[in-house]
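Accompanying notes for the structure given below.
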Amino acid sequence: MSDHGTPTTARTTLHELADHGVSVWLDDLNRPMIADGDLATYIDRGVLGITTNPTIFATALSEGEAYTEQIESLGQVSADDAVFALTTTDVRDACDVFAPVFERTGGLDGRVSIEVDPRLAGDTAATVKVAKRLWAEIDRPNLFIKIPATVEGLPAISQTLAEGISVNVTLIFSLDRYRGVMNAYLTGLEQARERGKDLSSIRSVASFFVSRADTEIDKRLEQIGTDEALALRGKAGVANARLAYQAFEEVFSTPRWQNLADDGAHVQRPLWASTGVKNPDYPDTLYVTELVAPHTVNTMPDKTLEATIDHAEITGDTVTGSYAQAQQVLDDLAAVGVSYSEVVDLLEVEGVDKFEKSWQGLLDTVSDEMAKHPGRA
C-alpha cells in the first residue's frame with residue numbers, strides 16, 4: 001500500500017501517480033453515479049477524491065429521473081432552497097462513499113467539494129455564512145467547502161478555516177493571488193489555534209487553474225503571429241503552475257509555517273484544476289504528465305482521467321527544479337508582447353462570471369424540473 005493508502009491490487013496509472021505524491025480526483029458527480037456503484041469503481045481504479053460544479057449538477061438533473069422523488073418531496077420551496085437540498089444530498093452521499101479513502105489516508109484524501117454560491121464572491125460575510133451552513137448541513141469530516149480566491153474571498157477563506165472548516169480555494173490564476181491564498185490559509189490556521197481548534201483536523205487545497213491560461217495566451221500569440229510568438233503556444237499553463245509550486249515550496253518552509261506545523265497543521269496542497277486540454281493539438285494528458293510533484297492534487301474530467309489510465313507515461317517529478325525554465329517562458333511571453341498580469345486579471349473576472357452563469361443555469365434547471373414535478377401536497 002502506498003503512502004496515500006491506495007490498494008496495491010489492480011493498479012492503474014492513477015496509483016502510480018499516487019506513488020509520486022499526486023492525488024487524482026475526478027471532476028464529476030451525479031446521483032446515478034453514486035447509486036449505480038460507478039463512483040466506487042472509480043475509487044477502485046485509483047481516484048482519491050471528487051470535485052463538482054453547478055454545470056455538472058445541472059446536467060445530471062436534466063437527464064433521467066434520479067432527482068424526481070426528492071424534487072417532489074421538497075414541496076413549494078424556492079429554487080435556491082431546492083438547489084441547496086439536492087446538492088447537499090449528493091455531496092453527503094459521496095462523502096460516505098469516499099469515507100474509507102478518508103480513513104485509510106488519515107484525512108489526506110477521500111475529499112468531496114461543494115461550492116458556495118458564486119454570486120457571493122464579492123461578499124466576505126455572506127460567503128462565510130453559507131460556508132458554515134453547508135458544513136453543518138452535510139456534516140461530514142471529509143467535506144471541502146469551495147470558496148473563490150477573489151479579493152473578498154481571501155478573508156472569507158481565513159474566517160471559514162478559523163471555524164475549523166476545511167476549504168478548497170478555487171479560481172486561482174495568478175502567482176500573486178496564489179501567495180495571497182497561502183497567506184489566508186496560514187492566517188486562518190492561526191485564528192483557529194487561538195480559538196482552541198484542533199489544527200490537525202483542518203485541511204485545505206488551493207485550486208490553481210491551468211488550461212485557461214494557455215487558451216487565452218495562445219489566442220494572443222496567434223494574433224501576434226511571429227515565429228517567436230507561435231513557438232510559445234501551449235507553454236504558459238504548465239510554466240505558470242510550476243512557478244506556483246515553487247511559491248508553495250517557499251511558503252511551506254518558512255518559520256511561520258513551521259510554528260503551525262508543530263501544532264499539527266497540514267500543508268495546503270496545490271490542486272491542478274482545469275486540466276482538460278482545450279486545444280486538440282495538445283496531448284490529453286499534457287497537464288498530468290507535466291505537473292507531477294509531491295503534495296499535489298490533479299482533478300480531472302473523465303476524458304482526461306481515461307486518457308491518463310490508457311496511455312500516460314509517468315516518469316517521476318516533472319515540476320521541482322524546473323523553475324528557471326518556467327520563468328523563462330513568462331519572460332519570453334513578455335518579450336513578444338503578452339502581458340501576464342493582464343491575462344490573469346482577465347481570467348479571474350471571466351472565471352467568476354462563468355461560475356455565476358453556471359449557477360444561474362443550475363437554478364433554471366431546478367426551476368424547470370420543479371415545474372414538471374410539482375411538490376406533493
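Taken together, the values in this text are just the output of simple stated rules run on the coordinates, not laboratory data. Everything quoted here is computed from the prediction, not taken from an experiment. Don't worry about glycine lacking a Cβ; one is built from the backbone with ideal geometry, like all the others, and counts go over all protein chains shown.
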Any chance you could run the full-extension gain for Asp262 through Asp96? It's 0.36 nm times the residue separation minus the Cα-Cα distance, nm to one decimal.
56.7 nm
Is the chain best put as rounded, prolate or oblate by its Cα gyration tensor, with a ≥ b ≥ c the root eigenvalues, rounded for a/c under 1.5, and otherwise prolate when a/b is larger than b/c, oblate when not?
rounded
How far, in degrees from 0 to 90, does helix 124-138 lean away from the longest principal axis of the Cα atoms of the chain, to the nearest 10?
60
Contact order normalised by length for the chain, with contacts defined as Cα pairs under 8 Å and 6 or more residues apart; what percent is it?
22
Please order Val130, Val336, Val238 by the number of other Cβ within 10 Å, starting at the fewest.
Val336, Val130, Val238
Among Gly264, Gly64, Gly234, which one shows the biggest mean-square fluctuation in a GNM of the chain, springs joining Cα atoms closer than 10 Å?
Gly64
Compute the separation of the alpha-carbon centres of region 119-192 and region 343-377 and state it in Å as a whole number.
21
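Among His15, His373, which comes first, second and so on when ranked by fewest other beta-carbon atoms within 10 Å? Don't skip to the answer; put the middle values down first.
On the way: His15 21, His373 17.
Going from sparsest to densest Cβ surroundings: His373, His15.
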Residue separation times 0.36 nm, minus the C-alpha to C-alpha distance between Glu65 and Lys372: what's the value?
109.4 nm
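Write down the Å³ per residue value for the convex hull defined by the alpha carbon atoms of region 288-377. Mind dumping the intermediate values first?
Numbers: hull volume 17.3 nm³, N = 90.
It comes to 192 Å³ per residue, whole-number rounded.
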Dipole in debye (nearest 20) - the chain, about Cα centre, beta carbon charges: Lys, Arg +1; Asp, Glu -1
800
May I ask for log10 I(q)/I(0) of region 86-243 at q = 0.15 Å⁻¹, from a Debye sum over the Cα atoms as equal point scatterers with solvent left out?
-0.82
Determine the gain in length on full extension of the stretch Val336-Glu103; use 0.36 nm per residue of separation and subtract their C-alpha separation, reporting nm with one decimal.
78.9 nm
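Dividing the convex hull volume of the alpha carbon atoms of region 35-148 by its residue count, what do you get in Å³ per residue?
Details: hull volume 13.2 nm³, N = 114.
Enclosed volume per residue, from the Cα hull, is 116 Å³.
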Could you order the peptides 311-319, 178-186 from most to least packed, using the average number of other C-beta atoms within 10 Å per residue?
178-186, 311-319
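Before rounding to the nearest 500, sum -39500 (n - 2.57) across all DSSP H runs of length at least 4 in the chain and divide by the residue total; then give [θ] at 222 nm in deg cm²/dmol. Let's see the in-between values first.
On the way: 17 runs with 208 residues, N = 377.
It comes out at -17000 deg cm²/dmol, rounded to the nearest 500.
To the nearest µm²/s, what D does Stokes-Einstein give for region 178-284 at 37 °C and 0.692 mPa s, using the Kirkwood radius over alpha carbon pairs as Rh?
Numbers: Rh = 15.8 Å.
Translational D for this selection: 207 µm²/s.
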